[in-house]
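Just so you know, all these numbers are worked out from the coordinates, no wet-lab data involved. Because the structure is predicted, anything quoted here is derived from the model rather than measured. Cβ coordinates were reconstructed from backbone atoms using ideal geometry, including for glycine residues, and neighbour counts include every protein chain displayed.
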Amino acid sequence: MALFFDQEWFDAKLRETGRTRDEVAAALRLSRAQVDEIWKDQRELAHHEVSVLAQLLAAPPADVANKAGVSTPVPSSPTAAGQAGDSAVMAKLAEMDAHLERIERAVADLQSLILATRNS
């Protein structure tokens with residue numbers, strides 16, 4: 001169970017965005033009773049539900065998770081995940097580039113040896 005679900009904040013965000021709890025239920029693919037359980041602090045939001053609710057309420061996922069209760073997971077930022085993935089890809093490309101350079105040098109050395117033995 002999530003502790004300290006901030007009903008007032010969520011109700012204010014619903015009013016601000018012109019949304020209803022029925023729309024929350026539809027977006028989260030839950031019944032209205034399940035959404036009411038969330039509002040009564042009797043059911044936790046999963047990380048993917050935090051993301052959906054954040055989009056619906058036009059709020060940052062971290063704010064939604066924070067207001068949903070102390071044990072609510074904050075979804076990882078796609079940007080942060082993308083940047084971590086990008087740096088891993090770049091590191092792998094640099095490693096492959098260095099390996100390719102060593103192979104090219106070895107091939108050039110072998111060609112030189114072959115030409116030297118033919119000319120002798």
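For the charge dipole of the chain, defined by +1 on Lys and Arg C-beta atoms and -1 on Asp and Glu C-beta atoms about the Cα centroid, which residue among ALA33, VAL74, LEU110 has the Cα displaced farthest towards the positive pole?
LEU110
Which value, in nm² and rounded to one decimal, describes the direction-averaged projected area of the C-alpha convex hull of the chain?
Mean projected area of the Cα convex hull: 10.9 nm².
Put +1 on the Cβ of every Lys and Arg and -1 on every Asp and Glu Cβ in the chain; which of LEU93, HIS47, GLN7 then has its Cα farthest towards the positive end of the dipole?
Checking the options against the dipole of the chain, the answer is LEU93.
In debye, nearest 20: dipole of the chain around its Cα centre with unit charges on the Cβ of K, R (+) and D, E (-)?
In total the dipole reaches around 240 debye.
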